[in-house]
Amino acid sequence: MATQTETSAVDIDRSIGDFHYDVHYGHDAGVGLSDRVVNYISDVKQDPDWVRQFRLNALKTFLSKPMPTHWASKDLDAIVFDNIRYYLAQGTPTKRNWEDVPEDIKRTFERLGIPEQERKFLAGVEAQFDSEAVYSNIKKAVGEQGVIFVGSTEGLKNHPEIFRKWFGKVIPTGDNKFSALNSAVFSGGSFIYVPPGVKVKHPLQAYFRINAENFGQFERTLIIVDEGAEVTYMEGCTAPKFNTATLHSAVVELVALRGAKIQYITVQNWSANVFNLVTKRGLAHEEAEIKWIDCNIGSRLTMKYPGVVLKGRKSRGEVLSIALAGNGQHQDTGAKMIHGADETTSNIISKSISIGTGRATYRGLVHVPKHLKHCKNNTECDALLINATSRTDTYPAITVRGTGNSVQHEASVSQVSAEQIFYMQQRGLSEGQAMSLSVNGFVNDLVRQFPMEYSVELKRLIELEMEGSVG
Amino acid sequence: MQQLEINNLRVAIGESEIIRDLSLTVRTGEVHAIMGPNGSGKSTLAKAIAGQPDYRVTGGGVLMDGENLLELGPDERARRGLFLAFQYPSEIPGVTIADFLRAAAQSRSPEGEELEATDYYAKLYEKMDLLDIDRSFTSRSVNEGFSGGEKKRSEILQMAMLEPRFAILDETDSGLDIDALKIVAHGVNSLRSPNLGVLVITHYQRLLNYIIPDFVHVMVQGRIVRSGDKELALELEEKGYDWIRDHAEEPVLV
Ligand SMILES: Nc1ncnc2c1ncn2[C@@H]1O[C@H](COP(=O)(O)OP(=O)(O)O)[C@@H](O)[C@H]1O
Ligand SMILES: [Mg+2]
């Protein structure tokens, strides 16, 4: 049958992320994880004492926590923490101008098209190369409104009064083993503050690039949007394809104060050797709105469940996610909605596609305690299976108590049939084009809700992935 | 020579042979009709010619303008000008007719050449008017929730857009009321030209009142048992398939 052709390893050689230039690193924490490594990072970054202490405590927490292999994936056992390099940087400060970024790094971002996108439609950009931000800048007009957009290191040094108040508050160190790991060795990521009432028109973007082999990237992002303010943040990630495992373990904390709106968009296109274990959560105050748009393409294993804690009355949380599990890959993704006030609403729409031996797992958590009134949740999970060997599982875990609260849950599993592919081929499409059109059709109604630039990029990535999968 | 040539074709699905030594030649400019009872193998023939991968050709050949189609994938056959209007067209959830047809048209453009959007839509709307199709139709997902009539009209719309040289229409009349049948027939007739060969597959004679064939073939159990002109269809309608079955031992060929 047409759709049963042996899927070769979904190969993203053809995607624009798979290339790698040699770079000289001035700072290298070496291989393995210990107090020494954590202290090395603190020294290099000239951390204030409280941060050094925070890191060392986090390392203890990390070491004391078991791997979540019992409920997630045995594949986690393949991560050898002693073989990973935890900090790599050139040791030059973050530049405000692309001209000042060292040539060997700049060409990577140019090839990824970042400076061009910045000119076209972004209000600000931060570019991280392995452990540190090499470039960060916002448009003058945005800066003049009081918007802060810098790397986390700069954020904690220059804006401690805001940074310290919220850092580690939405996601405590001990939330899970990987949030603890990140807390011990974090470097890079964005710090954003938007003052009351300021609505940032164009998106701010961060681009995370892993360039080195056997490396772990641990960026830490903290976004605080003050009362009535609005921001859209987009992150893109790529890495070249190495034969050994690479670890990406970020922590992202969002705080939307009263009436604020945050839209956080991820376009992840990791190569198939990356373990992507990320904790993302937002805290929504009264009438605030937090929306995660999360797209997971690539990686060997992704575990990521963006969440919103609906702390204030009438706050609203949303997770729109798409996961594409290629041959040999596992996307274990989902959403968490913790309702903590009356009249809070949450919406989860998850679409997954499994190709070849790919596996997509939806893991959700919706919690509405008994004493709350007029809370609503809507959860939709749709899975599309491409081959007979593809797999999907759904663990929705919805606990809605109390009488005045409502919940709606729908799930579906569909398959691209051989007849459907043949029909499309009869109109002239190649097998790969037919597959990618089917997949794009499957995610279409969701993608329509995404910003333009993003949906175009996503469509292109899906095409690359699908055409690569039928070889 | 512009012709679709089916020579002593044998097709098996699994272990059972469905098409058994079937020969037929359709030249451009001609309309041939194949009539036959349910299960006689009409759809199997159509899909085997189009390259459905489950259907195993165990003997004979199919040539289009002298080129062996059996060596080509279904998409290559399509791009060379073969079109099949399916008896049961597949649904493609989330993909609009406009996007689908655009991708199909794009697949025929030379590598690296983008289809001109305004030209494409102008042509699409022209063909939709021809088939009395509402504009809003193009933003619906391909065949999803379509009525029987809408599906058939959408197939003919696709044919009109893709401008094949040889088209096989598999029971394009089934499930249509008389008004819809007339519209579809009108659409097909307006596409008739010296550059198009058509093979109309039907169970009933009714369609052939509107699409007048040059040749009629009767198919029983995977073989053509009788061929003639349009009068054969009327005769068949009158006497029923049993009459053919009774005479199946002595096939009459043109
Ligand atoms: N996918 C299939 N698997 C097994 N048998 C099939 C399949 N498709 C068709 N057949 C068989 O082939 C024969 C011819 O079917 P078909 O070509 O659909 O006939 P028609 O179109 O003339 O009604 C029937 O006996 C049918 O049961
Ligand atoms: Mg049939």
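Residues in segment A:371-384: is at least one more than 9 Å from chain B (Cβ to nearest Cβ) and among the hydroxyl-bearing types (Ser, Thr, Tyr)? Please lay out each step first, then the result.
Pass one, segment A:371-384, residues more than 9 Å from chain B (Cβ to nearest Cβ): A:371-384.
Among the residues that remain, those that are also among the hydroxyl-bearing types (Ser, Thr, Tyr) are: A:379.
Checking segment A:371-384: at least one residue is more than 9 Å from chain B (Cβ to nearest Cβ) and among the hydroxyl-bearing types (Ser, Thr, Tyr).
B:Asp65 passes all but one of (1) more than 13 Å from ligand 1 (Cβ to nearest atom); (2) surrounded by 16 or more Cβ atoms within 10 Å (Cβ to Cβ); (3) more than 30 Å from A:Leu446 (Cα to Cα); which number fails? Among (1) more than 13 Å from ligand 1 (Cβ to nearest atom); (2) surrounded by 16 or more Cβ atoms within 10 Å (Cβ to Cβ); (3) more than 30 Å from A:Leu446 (Cα to Cα), the lone unmet condition for B:Asp65 is (2).
B:Ser109 meets the conditions (1) outside any loop (DSSP other than H, G, I, E, B); (2) within 11 Å of chain A (Cβ to nearest Cβ) in every case but one. The failed one is (1).
A quick yes/no check of all residues on (1) in contact (Cβ under 8 Å) with a residue 60 or more places away in the chain; (2) away from ligand 2 (no atom under 16 Å from the Cβ); (3) over 15 Å from the mean Cα position of the chain (by Cα):
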{"residue": "B:Met161", "(1), (2), (3)": "yes, yes, no"}
{"residue": "B:Arg165", "(1), (2), (3)": "yes, yes, no"}
{"residue": "B:Asp173", "(1), (2), (3)": "no, no, no"}
{"residue": "B:Lys182", "(1), (2), (3)": "no, yes, yes"}
{"residue": "B:Leu191", "(1), (2), (3)": "no, yes, no"}
{"residue": "B:Asn195", "(1), (2), (3)": "yes, yes, yes"}
{"residue": "B:Leu199", "(1), (2), (3)": "yes, no, no"}
{"residue": "B:Thr202", "(1), (2), (3)": "yes, no, no"}
{"residue": "B:Asn209", "(1), (2), (3)": "no, yes, yes"}
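Only residues that are within 14 Å of another protein chain (Cβ to nearest Cβ), assigned to a loop (DSSP other than H, G, I, E, B) and within 16 Å of ligand 2 (Cβ to nearest atom) were counted across segment B:29-53, and they come to 1.
When restricted to residues that are more than 13 Å from chain A (Cβ to nearest Cβ) and closer than 14 Å to B:Leu24 by Cβ, segment B:54-75 contains 5. Do we find a residue being within 16 Å of ligand 2 (Cβ to nearest atom), touching a strand residue (DSSP E or B) at 6+ places or on another chain (Cβ under 6 Å) and farther than 24 Å from B:Ser147 by Cα anywhere in segment B:75-83? No, the conditions are met nowhere in segment B:75-83.
What about B:Leu24, is it of a type in the set (A, V, I, L, M), within 16 Å of ligand 1 (Cβ to nearest atom) and touching a residue at least 24 places away in the same chain (Cβ under 8 Å)? Considered against the rule, which asks whether it is of a type in the set (A, V, I, L, M), within 16 Å of ligand 1 (Cβ to nearest atom) and touching a residue at least 24 places away in the same chain (Cβ under 8 Å), B:Leu24 comes out as yes. Of all residue pairs spaced 6 or more apart or on separate chains, none has beta-carbon atoms under 6 Å together with a first member in segment B:74-92 that is at pLDDT below 95 and a second member that is in a loop (DSSP other than H, G, I, E, B). In summary, B:Asp65 fulfils each of the numbered conditions (1) touching a residue at least 60 places away in the same chain (Cβ under 8 Å); (2) within 16 Å of ligand 2 (Cβ to nearest atom) with the single exception of condition (2).
Note on segment B:146-163: residues that are away from chain A (no Cβ under 13 Å), surrounded by fewer than 22 Cβ atoms within 10 Å (Cβ to Cβ) and charged (D, E, K, R) amount to 1.
Residues in segment A:287-297 include none that are free of Cβ contacts under 8 Å to residues at least 40 places away in the same chain and closer than 19 Å to A:Asp77 by Cα. Selection of strands (runs of 3 or more DSSP E) fully inside segment A:252-358 by the criterion of at least 3 residues being over 25 Å from A:Gly189 (Cβ atoms) returns A:345-354.
The condition (being acidic (Asp, Glu) and either closer than 30 Å to A:Gly358 by Cβ or surrounded by 22 or more Cβ atoms within 10 Å (Cβ to Cβ) (or both)) is satisfied by just one residue among A:Asp77, A:Asp104, A:Asp47: A:Asp77. Picking from residues in segment B:81-100 that are in contact with a Phe, Trp or Tyr (Cβ under 9 Å, 6 or more places away or on another chain), within 26 Å of A:Leu446 (Cα to Cα) and more than 8 Å from every other protein chain (Cβ to nearest Cβ), the one that is surrounded by the most Cβ atoms within 10 Å (Cβ to Cβ) is B:Ile97.
If the condition is being in contact with a Gly (Cβ under 7 Å, 6 or more places away or on another chain) and farther than 20 Å from A:Ser469 by Cα, then segment A:328-342 contributes A:Gly334, A:Ala335, A:Lys336, A:Met337, A:Ile338, A:Ala341.
Considering every residue within segment A:242-252, establish whether at least one is crowded, with 22+ Cβ neighbours inside 10 Å, in contact with a helix residue (DSSP H, G or I) (Cβ under 8 Å, 6 or more places away or on another chain) and not small (Gly, Ala, Ser). Let's see the steps before the verdict.
Of the residues in segment A:242-252, the ones crowded, with 22+ Cβ neighbours inside 10 Å are A:246-252.
In the following step, the residues that additionally are in contact with a helix residue (DSSP H, G or I) (Cβ under 8 Å, 6 or more places away or on another chain) were identified as A:249-251.
This time we only want the ones that are not small (Gly, Ala, Ser), so: A:251.
Yes - at least one qualifying residue is present in segment A:242-252.
Is it true that some residue in segment A:149-162 is at positive phi and either assigned by TED's automatic domain parsing to the domain that holds A:Trp50 or touching a Phe, Trp or Tyr at 6+ places or on another chain (Cβ under 9 Å) (or both)? No; the residues of segment A:149-162 include none that is at positive phi and either assigned by TED's automatic domain parsing to the domain that holds A:Trp50 or touching a Phe, Trp or Tyr at 6+ places or on another chain (Cβ under 9 Å) (or both).
Screening segment B:164-217 for residues that are at pLDDT below 95, within 16 Å of ligand 1 (Cβ to nearest atom) and not in a loop (DSSP other than H, G, I, E, B) and picking the one that is surrounded by the most Cβ atoms within 10 Å (Cβ to Cβ) gives B:Leu207.
Would it be correct to say that B:Val26 is more than 16 Å from ligand 2 (Cβ to nearest atom) and within 12 Å of another protein chain (Cβ to nearest Cβ)? So B:Val26 fails the test.
Return the residue satisfying two criteria in turn: it lies in segment B:218-233 and is part of a helix (DSSP H, G or I) and within 13 Å of B:Ile244 (Cβ to Cβ), and of such residues it is nearest to ligand 2 (Cβ to nearest atom). Steps first, please.
So in segment B:218-233, the residues part of a helix (DSSP H, G or I) come out as B:230-233.
Add one more test, that the residue is within 13 Å of B:Ile244 (Cβ to Cβ), and what stays is B:232-233.
Working: B:Leu232: 20, B:Ala233: 17 Å.
Step by step, filter segment B:218-233, then rank; the result is B:Ala233.
Taking each residue of segment B:133-145 that is away from chain A (no Cβ under 11 Å) and looking for partners that are in a strand (DSSP E or B) with beta-carbon atoms closer than 8 Å, six or more apart or interchain, yields B:Thr138/B:Thr96; B:Ser139/B:Thr96; B:Arg140/B:Thr96. Here B:Arg56 meets the list (1) farther than 24 Å from A:Leu437 by Cβ; (2) within 16 Å of ligand 2 (Cβ to nearest atom); (3) assigned to a strand (DSSP E or B) almost entirely, failing just condition (2).
The values are calculated or read from the model by the stated rules, or taken from the named source; none is laboratory data. Source: prediction; values computed, not measured. Reconstructed Cβ throughout: ideal geometry from the backbone, glycine too, with neighbour counts over all protein chains shown.
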